[in-house]
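The values are calculated or read from the model by the stated rules, or taken from the named source; none is laboratory data. Source: prediction; values computed, not measured. Cβ placement follows ideal geometry from the backbone for every residue including glycine, while neighbour counts extend to all protein chains displayed. Calculation scope for accessible area: heavy atoms of the full protein, side chains included, ligands and nucleic acids excluded. Shrake-Rupley method; radii C 1.70, N 1.55, O 1.52, S 1.80 Å.
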Amino acid sequence: MILAPTPEAARLARKLRDLRTSHESKLTQADLAHAFGLSVAAISSWESRTNPKPPPADRLRSYALFFSSDPTRTEPPVTEDDLTADERSRFEDLHEELDALRDAVNAPSSPGESAPSELSTWTFDGDPITIICPEAPLAERPPMANEKNPNYTRMFRYADLDALIELWGHIRACNPTASVVHRLPSEVVSDDLSGHVVVLGGVGWNRVMRRMLKTLREMPVSQVEVDDLKTGEIFRTSGADQREYRPVWDDEADSGRELLEDVALLARVRNPYNHSQTLTICNGIHSRGVVGAVRALTDTAVREGNEAFLASRFPSGEFALLLRVPVLNGEALSPDLEIDSNRLYEWSPKDEATSA
């Protein structure tokens, strides 16, 4: 389920919350974020009562260092060498306690299993995970996608390969004991839709994506073909805030028309075919948008802050975001969700949708 934290996660979140609120200086989340050089969203996600995210191990060391020092200090300690003997003793005890709480969160559910080093949107509960990737049309495939070719390579049938490779490795690393498979839309059977499902790509080349977006009637985002764009399908929102979201082009580029910004859809909801599992959508108008949606939660440069933002903004764990994906020299840049202009549209079942 994506709606309730484990007892172990709740205990760690409560401990971090208690450390801050019981501090002599009556620290706010903003105060602690400033002291650690982090965003308020990160602190909020670690203390969340409904969807806590365990901090990385080095952040727990920062907590132990900060809260073991004398609160009357004018400057908090930077390293262990800055601690007095009494402070060092408190630091060691608190650091050991926090590490034990985090280890309990990440503990394997049965003997012999190994636990992921960090819980995230891509960390599941051990159930099967199926990634459904679009299939390139025959006219778009290279010669080695032909089964009669002696060098036939099945993966050449796939579209959005950049996104699939990035996500496949990340999900396998986060879920080392889970079954993780990838399927083309034409290969999907009922069992593939009963576990956790990840759907990549747009509606043009992925009929499962088309089916999912129609099934999710509550989510007010659709992807549609328009006459003036032949290279992909735009996003359209419905309800009180009806709007179209399109890519941005540079028509004066030396090499001809150049894509400057794509639009991505990143969504996480209950699997409509099994509400105890999840459905995650990484979509884009073009392939760069699909990659941007994936890398928002895999790129080490932004994923910690983005995970924190999602946990704080969408405590139920269900959401849909339309994102701006800048493109530079043909490469999609990973969107930072804490930058307001990168979030074009937000929706959750628990609140009203908002758009930029």
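Give the angle, between 0 and 90 degrees and rounded to the nearest 10, that separates the Cα long axis of helix 57-67 from the longest principal axis of the Cα atoms of the chain.
Roughly 30 degrees between the two axes.
Please compute the contact order of the chain in relative form: average sequence separation of alpha-carbon pairs under 8 Å and at least six residues apart, divided by the residue count, as a percent.
16 percent
Based on a Kirkwood Rh over C-alpha pairs, give the Stokes-Einstein translational diffusion coefficient of the chain at 20 °C and viscosity 1.002 mPa s in µm²/s.
Answer from the Stokes-Einstein relation: 97 µm²/s.
Tell me, what is the FRET efficiency for D31 and D250 to the nearest 0.05, using R0 = 35 angstrom and their Cβ-Cβ distance as r?
Computed FRET efficiency for D31 and D250: 0.20.
Let me know the charge dipole size of the range 200-356 about its Cα centre in debye, to the nearest 20, where only the beta-carbon of Lys, Arg (+1) and Asp, Glu (-1) is charged.
Charge dipole of the range 200-356: 940 debye, to the nearest 20.
State the Cα centre-to-centre distance between the range 300-340 and the range 138-202 in whole Å.
After rounding, the separation between the Cα centres reads 24 Å.
Going highest first, how would you order 59-72, 225-238, 144-157 by mean Cβ packing within 10 Å?
59-72, 225-238, 144-157
So if R0 is 41 Å, what FRET efficiency would E225 and R14 give, r being the distance between their Cβ atoms, rounded to the nearest 0.05?
0.25
Using only the alpha-carbon atoms, how far is helix 161-174 inclined from the longest principal axis of the chain? Give it as 0 to 90 degrees, nearest 10.
Its long axis makes an angle of about 30 degrees.
Based only on Cα atoms, what mean projected area does the convex hull of the range 230-282 have, in nm²?
Projected area, direction-averaged: 5.6 nm².
Which percent, to the nearest 5, of DSSP beta bridges fully inside the chain are antiparallel? Write out the running numbers ahead of the final one.
On the way: 37 of 49 bridges.
Rounded to the nearest five, the antiparallel share is 75 percent.
Mind grabbing the accessible area of S120 for me, 1.4 Å probe, Å², rounded to tens?
20 Å²
Placing one identical point scatterer on every Cα of the range 268-356 and ignoring solvent, what is log10 I(q)/I(0) from the Debye formula at q = 0.14 Å⁻¹?
-0.49
Given S190, V263, L344, which one lies farthest toward the positive end of the charge dipole of the chain, if we put +1 on the Cβ of every Lys and Arg and -1 on the Cβ of every Asp and Glu?
About the Cα centre, the residue reaching furthest to the positive side is S190.
To test your reading of the geometry: what angle, between 0 and 90 degrees and rounded to tens, separates the Cα axis of helix 303-313 from the longest principal axis of the chain?
80 degrees
Counting only the backbone N, which residues of the range 171-198 are under 20 Å from the spot 7 Å out from the Cα of D162 toward its beta-carbon?
171
Going by amide H atoms built from the backbone, whose H comes under 5 Å of the H on L344, apart from near neighbours?
Those lying under 5 Å, H to H, from L344 are L322, L323, R324.
Looking at the range 2-85, I'd like the Rg to Rh ratio, where Rg is from alpha-carbon atoms and Rh is Kirkwood's inverse mean 1/r.
0.98
Of the listed peptides 258-265, 166-173, what is their order by residue-averaged count of other C-beta atoms within 10 Å, with the highest listed first?
Sorting 258-265, 166-173 by mean packing, highest first, produces 258-265, 166-173.
Among the lysines, which have Cα under 26 Å from the Cα of K15 when same-chain residues fewer than 8 positions away are ignored?
List returned: K26, K53.
Between T72 and A107, what length comes free when the chain is fully extended (0.36 nm per residue of separation minus the Cα-Cα distance, one decimal in nm)?
8.9 nm
Which order do peptides 17-24, 123-130 fall in by mean Cβ count within 10 Å, highest first?
123-130, 17-24
For the chain, what is the calculated [θ] at 222 nm in deg cm²/dmol (nearest 500), taking -39500 (n - 2.57) for each run of four or more DSSP H residues and dividing by its residue count?
Details: 9 runs with 106 residues, N = 356.
Computed ellipticity for the chain at 222 nm equals -9000 deg cm²/dmol.
Considering amide H positions built from the backbone, and no H for Pro or chain starts, which residues 5 or more places from Y158, or on another chain, come under 5 Å of its amide H?
A136
In debye, nearest 20: dipole of the chain around its Cα centre with unit charges on the Cβ of K, R (+) and D, E (-)?
Details: 39 positive and 57 negative charges, 270 e Å.
The dipole magnitude comes to about 1300 debye.
Tell me which lysines have Cα within less than 18 Å of K148's Cα, excluding those fewer than 8 residues away on the same chain?
none
Determine the shape class of the range 108-244: with a ≥ b ≥ c the square roots of the Cα gyration tensor eigenvalues, call it rounded for a/c under 1.5, and otherwise prolate if a/b is greater than b/c, oblate otherwise.
oblate
Give the residue from M212, A145, W46 lying farthest towards the positive end of the charge dipole for the chain; charges sit on Cβ (+1 for Lys and Arg, -1 for Asp and Glu) and the dipole is referred to the Cα centre.
M212
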